[in-house]
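Here is the structure we will look at, set down as structure tokens.
The values are calculated or read from the model by the stated rules, or taken from the named source; none is laboratory data. All figures in this text were calculated on a predicted structure; none of them were measured in a lab. Ligands, DNA and RNA are excluded from the accessible area calculation, which covers all protein heavy atoms including side chains. Shrake-Rupley method; radii C 1.70, N 1.55, O 1.52, S 1.80 Å.
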Amino acid sequence: MNNYKLLPALISLLQTRNLTESAKALHVTQSAMSKTLSQIRLAFHDNILIREANQFVLTKRGEELKQQLPVLLQQLDELYRPAEMDFAQCQRNFSLASSDYVAQFILPGIFKTLASQAPNASLEYQLWQKDWLHQLSQRPLDLVSTITETIPENLHGKKMAEDSLVMLMSRSYAGKNKIADLDDYVAARHIVITGGGDKDSPVDQALSALGKERKVYARVPFFQSAIELLLTSDTVLTIPLHIAADFVGLYDLQLAALPFESKAHEYYLLWHARYHQDPEHKWFRELCYPLLKNHLLRTKAQGMKLLHGN
């Protein structure tokens, strides 16, 4: 008879390709994990992991299993779920990651909807970091709302919209210093936001192609801290149009078009394959998706009006 108890360890090893990390994740000793790997190799008649220099690489069979197992285990979990989900009785703690902007402007609406439809469920919010995109299998996250150009393997996603980048500055600074061309832009003092998705690569790539580099005055993790700096210093913040529109509505700020072309941002809601067929997860992502997308589209439209003086 097949030993299905080996599968959680196998999934962990396929994801981490590291005995020590898998041992920690499963709360066992490294020697126990090494023994389990031997059992896995025997059960599957394949080495699965092969040591190469200081790391393990997957065999062809290992690569196949990495693709197949998350979906298969999810299907097995479905056997134990009731035919119809009663979300009023759902007690799951969902997890969502994105920027502090989403936490400030969209998260309250998500909490409100969650509370009305699943009052016994809860939600944990985390500040997303761009280097997590290829580590999602190792993180206990249900959903991430972020910017990306490509979706890594074993992730599913729904595109919400595209948005362009604009400059944001205090109204008093904009009145004194008009940034009319590329030289004005790179000579200005810039604020960079480090938390959330990768908002700055399109800017830096475009400038590099033009043989230019901007002067970074401050790096901060949050949008709100960047806004406070804008209001008290002669600085410029380059951010997506829809976000700039929200802050212009709250503070004495002004937005303007960039004096050069840059790539548009593509916004996605992403989740790992292991959750794809989970009914509770499907319900949760279908709850979040329209709230995120509609906010993005509405504020982008507001930003377009501001940008074109309507």
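Which order do you get for T299, T194 if you rank them by accessible area with a 1.4 Å probe, largest at the top? Intermediate results must be reported in sequence, preceding the final value.
Numbers: T299 0, T194 65 Å².
If we order T299, T194 from most to least accessible, we get T194, T299.
Report for the chain the percent antiparallel among DSSP-assigned beta bridges with both residues inside it, nearest 5. The partial results should precede the final answer.
Numbers: 25 of 41 bridges.
Antiparallel bridges make up about 60 percent of those DSSP assigns within the chain.
Projected over all directions and averaged, the alpha-carbon convex hull of the range 159-203 occupies 4.4 nm².
Please give the helix 223-232 orientation as an angle from the longest Cα principal axis of the chain, in degrees from 0 to 90, rounded to the nearest 10. Once rounded, the angle reads 20 degrees. Its alpha carbons considered, the range 180-242 gives a radius of gyration followed by a Dmax of 11.6, 32 Å. In the context of the full set of protein chains, residues of the chain present 51 Å² of accessible surface per residue (probe radius 1.4 Å, heavy atoms only).
Calculated from the alpha-carbon coordinates, the range 216-306 shows an Rg and a Dmax of 16.8, 50 Å respectively. Quick one: plug the Kirkwood hydrodynamic radius of the range 119-243 (C-alpha pairs) into Stokes-Einstein at 10 °C, 1.306 mPa s, and report D in µm²/s. For the chosen part, D equals 96 µm²/s. Counting only protein heavy atoms and a probe of 1.4 Å, the accessible surface of the chain is 51% carbon and sulfur. Mean separation of Cα pairs under 8 Å and 6 or more residues apart, divided by the residue count, gives the range 65-202 a relative contact order of 29 percent. In this structure the amide hydrogen of M160, modeled in the peptide plane, comes within under 5 Å of the amide hydrogens of Y267, Y268, L269, none closer than 5 places in sequence on its chain.
What do you get for Rg/Rh of the range 1-57 when both radii come from the Cα atoms and Rh is the Kirkwood radius? Intermediate values should be presented prior to the final figure.
Numbers: Rg = 10.6 Å, Rh = 11.4 Å.
Reported Rg/Rh (Cα atoms, Kirkwood Rh): 0.94.
The value for the chain of Rg(Cα) / (2.2 N^0.38 Å) is 1.20.
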